[in-house]
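Below is one structure, written out as structure tokens, with a few remarks after it.
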Amino acid sequence: NEKYMNIDIDIFEGRKYYFREIKWEGNFIYDDATLSKVLGVQKGDIYDLELIQTKLNYDPTGVDVSSLYMDDGYLFFSVNAVETMVENDSIDLEMRIYEGKQARVNRIIIKGNDRTSEHVVRREIKTRPGDLFNRNDAIRTQQLLAQLGYFNPETLGIEPTPNQQDGTVDIAYTVEERPSDQIE
């Protein structure tokens with residue numbers, strides 16, 4: 001009619017693809033079965049590259065392959081998913097891993113604490129100089145600093161500065177003081 005119009009759109013999404021073979025290359029620390037279990041993708045599952053990237057690099061809902069390595073000190077770890085073969089409706093993937101060497105924490109730097117005493121912040125930090133780098137400990141530290149109530153939780157930051165030559169990492173925790181003054 002004069003006010004409304006109907007529009008019909010036909011969409012052809014294309015062919016549906018499935019995972020066939022997933023092979024691991026370059027892994028020495030963890031075996032193929034362990035990595036496949038963490039990846040959680042089975043032969044015959046619908047092909048989803050975004051899911052693969054999430055399960056490889058950062059899965060906020062659970063364990064991912066990179067956290068498996070980074071929680072054990074392998075800060076220089078990297079993994080790339082490469083499609084090696086596409087046949088009919090199936091895709092083979094090869095996970096190419098570079099494990100690198102384990103990194104140790106060199107220095108802990110705290111930026112932005114103007115009023116809060118340094119020792120109050122440092123007692124909440126789970127990463128210590130000389131320890132192996134652990135991504136989970138760094139994230140846990142960020143949560144503990146937010147729970148103190150002294151800092152703005154939205155601006156808390158973790159800034160690892162790796163030095164691949166000597167196998168160390170400096171970790172800077174950035175905080176922003178929250179106003180605590182009250183007028184009555």
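Give me the residue from segment 114-130 that is open to solvent by less than 70 Å² (accessible area, probe 1.4 Å) and within 16 Å of R104 (Cβ to Cβ) and, out of that set, nearest to the chain's Cα centre (by Cα). Among those that are open to solvent by less than 70 Å² (accessible area, probe 1.4 Å) and within 16 Å of R104 (Cβ to Cβ), it is T127. Residues that are modelled with pLDDT of 85 or more and exposed (fewer than 13 other Cβ atoms within 10 Å of the Cβ) were ranked within segment 158-184; the one that is farthest from T141 (Cα to Cα) is Q165. Mind checking whether some residue in segment 31-38 is under 18 Å from the mean Cα position of the chain (by Cα) and over 26 Å from P160 (Cβ atoms)? Yes; the residues of segment 31-38 include at least one that is under 18 Å from the mean Cα position of the chain (by Cα) and over 26 Å from P160 (Cβ atoms).
Looking only at segment 91-122, which residues are among the charged types (D, E, K, R) and farther than 30 Å from I22 by Cα?
Let us first name the residues in segment 91-122 that are among the charged types (D, E, K, R), namely 92, 94, 96, 99, 101, 104, 107, 111, 114-115, 118, 122.
R104, R107, K111, D114, R115, E118, R122 - these are the residues of segment 91-122 that are among the charged types (D, E, K, R) and farther than 30 Å from I22 by Cα.
Selection of segment 46-63 for residues being surrounded by 13 or more Cβ atoms within 10 Å (Cβ to Cβ), within 16 Å of I22 (Cα to Cα) and in contact (Cβ under 8 Å) with a residue 12 or more places away in the chain yields Y47, I52, Q53, K55, L56.
Taking each residue of segment 9-32 that is in contact (Cβ under 8 Å) with a residue 40 or more places away in the chain and open to solvent by 90 Å² or more (accessible area, probe 1.4 Å) and looking for partners that are hydroxyl-bearing (S, T, Y) and part of a loop (DSSP other than H, G, I, E, B) with beta-carbon atoms closer than 8 Å, six or more apart or interchain, yields K16/Y47. Among the residues of this structure, G73 does not count as one that is open to solvent by less than 50 Å² (accessible area, probe 1.4 Å), closer than 29 Å to F133 by Cα and in contact with a helix residue (DSSP H, G or I) (Cβ under 8 Å, 6 or more places away or on another chain). Pairing residues of segment 129-149 that are closer than 22 Å to V65 by Cα with residues that are in a helix (DSSP H, G or I), at Cβ distances under 6 Å and at least 6 apart in sequence or on separate chains, gives R135/S67; R135/M70.
The values are calculated or read from the model by the stated rules, or taken from the named source; none is laboratory data. From a predicted model like this one, the values you see are computed outputs, not experimental measurements. All Cβ positions, even for glycine, are placed from backbone atoms using ideal geometry, and neighbour counts span all protein chains on display. Quick note on the areas: whole protein, heavy atoms, side chains included, nothing else; ligands and nucleic acids left out. Shrake-Rupley method; radii C 1.70, N 1.55, O 1.52, S 1.80 Å.
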